[in-house]
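Here's the structure we're looking at; comments come further down.
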Amino acid sequence: MLRLLSWPILCAILLALTSCSNFDREFTVQSANSTVEVYTDGTAFVSEFFDIEVKRAENYGGVYVDIPQRFTDASGGVHWRDFQLAAARRGGLDEYFSMENNVPGYSIYIGMEHCKSCSADLPKVPTKIQIAYWLGRLVRQEGDREILFLPAYMGRVHGQGAKKTLTLKLPPGGTLRPSQQDRAAAYDVTRIAPNELLVSIPAGKGDRVLPDIEIEYPAGTFVTITTGTRVELWLSDHFLPFIAILGPLVAGLFVLTRLGQGWRLPAPIAVDIKMSKSISPALAAYLFRNWKTDATKAAFMASVCQLAVRRMLRISSLDEDAEASNLFTKQERKKGKPGRSRWYALPAATRLVFGQIEGQRPVGDRRRVVAARRTLSDELLKAVAEEYRKSRGKDRWSLATSATILGLGVAVAYITGLLLYSAAILGLLFIVFLVVTMFHHPERFPVATGTAEQFKQALALMVGLPAMVIVALVYIGTTEVVSEQVPYLMAILLHVAGIIAVLAMLRIPTSKQQQIRNNILSLNGYFRGEIDGPAMSVESYEHYLPFAVALDVEQRWTECFNQWRENEKMETYAPDWRSSS
């Protein structure tokens, strides 16, 4: 009985030259012979010989032999089997070789890697190439039968129609499964010994697709594998597809988790007193106005107000025409613990505002506040942004997740032989992104000052980038991607998209930053009497007054304080941080 299964690419031997070779111009395969000896443990030892005619004296000095590791059975199941190289010879002598990964298995280069101008060309005489290797277990269980599945070796030799023969040395008791195709039109199978089959493939069309061979055995013919080995084989069969989808899956789960953290935050119902002490009123002003430029004035005046209530200076009013006096001197900030602790207890943005006011030229003991604000917009925004970034904390999960996805993507690219190809695509996309960013946001790129630096910058833009684009395009255009590599190339690009998505989460507020924003909204409701908060007192009024200025509800907050004073029969309130105009 005979059954033959079509296997277009994986179950064949591809003989070709190096990446930029013209194999048909430099070499001809005269004949190809293979011997496959199958053992009772289901493994096989394969020895293959290629008779090569060298056409040109100048050539690339070596050939590629593709070794399949992925086998497809009659039911469509894909099996990945171990491979171990035993020998690579030319003319009966051990030859230099190198190995590259590919989706079907390995591509083994036999010969010295060099360019055409080098001296390691193959001599223009008949040359015999030999390769020998072991393959892992090629047996699967099917009901009460064991099926040995073998590729139609020598069915495809790149661009060649040479005559090929395949000798199968098999354990006793096997029968060929019946063919569903016209096997006779593809090759002849002859039993030359009780446990040997000879497969003859006549010379014909190059790159032919020939059916594979399946041999049926009674149960117990081959060594029974343990449960652990069965699990190991199953994992090896599914390892590459698993890591191909694992990276995008990890990225998707991370993004959903981060987005879900913001959705799960409860609505603000009360003021968080502890948090209001840990942030600056300038940050509250920017967050309340969604980082718009008009928040600078409110952030500045709120910082001035905080300096006043912390007794770092005295201020005539909370208006823009206010004047500051009695500034906390540098000597007081340096001497002794009380002064230093008062100074460094202030937020960085507030200290920046103090330094700017201190740098103004005084009239007597007074300095105009508005003069300090005019030159502080950019520095104040940077200080507040840095404070907001620090409130995020160390985001180890984002970096660890990005590194994990990157590692998985590199592993997929390496195993499938797409490492350089995917790197060329990503490099090309990066250059395009860089150029677009340079046109839309030129302020993000430093401008060269010296003549030498300007020359280097112009050389990089006008020569370096175009050269890199040309190299990437040439490599992409001249490198063949087989159909089995295409899904994994898409998976690699999904890994890159996953890394971009994870890094984009760095721009989305964390749960702690979201809590800060919610607390600012709570403060706004508290000032307007819409939600509960700390009980009114002089200390409470002064502590929250800078935030009221930041949220532009200072008048409302002062009215609440005055109402409390009337209820408490407090006739006067003359704070020492206020000075007369």
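Amide H contacts for Gly173 (H built 1.01 Å from N in the peptide plane; partners 5 or more residues away or on another chain; cut-off under 5 Å): none found. Stretched out straight at 0.36 nm per residue, the stretch from Ser278 to Ser377 would grow longer than its current Cα-Cα span by 33.4 nm. Per-residue 3J(HN,Hα) values for the range 89-100, derived from phi via the Karplus relation 6.51 cos²θ - 1.76 cosθ + 1.60 with θ = phi - 60°, read 10, 9, x, x, 10, 4, 10, 4, 8, 9, 10, 10 Hz in sequence order (x marks Gly and Pro). Along the range 122-135 the Karplus relation, 6.51 cos²θ - 1.76 cosθ + 1.60 evaluated at θ = phi - 60°, assigns HN-Hα couplings of 5, x, 7, 9, x, 10, 10, 9, 10, 9, 9, 6, 9, 10 Hz to successive residues, with x for each Gly and Pro. Near the amide H of Ile52, within less than 5 Å, lie the amide hydrogens of Gln30, Thr127, Lys128, Ile129, all on another chain or at least 5 residues away, with H placed in the peptide plane.
Across the range 352-364, computed HN-Hα scalar couplings (Karplus, 6.51 cos²θ - 1.76 cosθ + 1.60, θ = phi - 60°) run 4, 5, 4, x, 5, 5, 4, x, 6, 6, x, 10, x Hz from first to last residue, x flagging Gly and Pro. Structure note, pairs Lys124/Lys163; Lys55/Lys169; Lys292/Lys456; Lys394/Lys456: Cα-Cα distances above 27 angstrom occur for Lys55/Lys169; Lys292/Lys456; Lys394/Lys456.
Peptides 427-438, 412-423 ordered by packing proxy, namely the average of other Cβ atoms within 10 Å per residue, highest first: 412-423, 427-438.
Read-outs throughout are calculated quantities, based only on the coordinates presented, and are distinct from any laboratory measurement. Computed from a prediction, not measured in an experiment: that's the story for all the values here. Using ideal geometry, Cβ is built from the backbone for each residue, glycine included, and neighbour counts are taken over all protein chains shown.
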